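Chemist: Sharing a structure, written as structure tokens. Questions coming.
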């Protein structure tokens, strides 16, 4: 796919309201991951204290954990609310790939904040991904990505090692984005 226009993204996003999930374990990233999926849990220490926690929450609200060099979110100002559809675009090998997800739950607690989204029809993967920040009993603030996934389309099945490479690249860069933003106080 070529570089998408605003009109293309708007229409694609609008169509996703009627899309169904590509998997049945809706909300499972909040507990035990289902079998027959790859399981990933990755975290990074962002710092400590209430200020760092607040900054990290604001970064998630603004979707700043997505590496801008090769990923995009549409619409960019999407509120973090259960039931919201989001278009996740990835640029791989010079092409833009449209994938859609729906927020399946949110986390808004005193020391935890985040959300999880699940894949919708047409997504290259099946599964769920949770982005959260939390402050532990030692006042340390962590950013964590938890996910379970497996291929959903034949191309992903054939090129699964490449898909896993890009999943790991996303996680690594997402952690770096959050760390850098906290260090630079970019909220």
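Chemist: Kindly evaluate residue 124 against the criterion of being free of Cβ contacts under 8 Å to residues at least 60 places away in the same chain, over 20 Å from residue 58 (Cβ atoms) and in contact with a helix residue (DSSP H, G or I) (Cβ under 8 Å, 6 or more places away or on another chain).
Modeler: Values: free of Cβ contacts under 8 Å to residues at least 60 places away in the same chain: yes; over 20 Å from residue 58 (Cβ atoms): yes; in contact with a helix residue (DSSP H, G or I) (Cβ under 8 Å, 6 or more places away or on another chain): yes.
Yes; evaluated as a whole, the condition is true for this residue.
Chemist: Pick out the one residue from 137, 128, 132, 81 that is assigned to a loop (DSSP other than H, G, I, E, B) and in contact with a strand residue (DSSP E or B) (Cβ under 9 Å, 6 or more places away or on another chain). Working first, answer last.
Modeler: Numbers: 137 fails: in contact with a strand residue (DSSP E or B) (Cβ under 9 Å, 6 or more places away or on another chain); 128 fails: assigned to a loop (DSSP other than H, G, I, E, B); 132 fails: assigned to a loop (DSSP other than H, G, I, E, B).
After ruling out the rest, the residue left standing is 81.
Chemist: Just to verify a result, which residue in the range 36-67, among those that are within 13 Å of the chain's Cα centre (by Cα) and assigned to a loop (DSSP other than H, G, I, E, B), is farthest from residue 111 (Cα to Cα)?
Modeler: Within the range 36-67, the match that is farthest from residue 111 (Cα to Cα) is 67.
Bear in mind these aren't lab numbers, they're just calculated from the coordinates by the rules spelled out. Everything numeric here is computed off the predicted structure, so don't read it as measured data. FYI the Cβ positions are ideal-geometry reconstructions off the backbone, even for glycines, and counts take in every protein chain you see.
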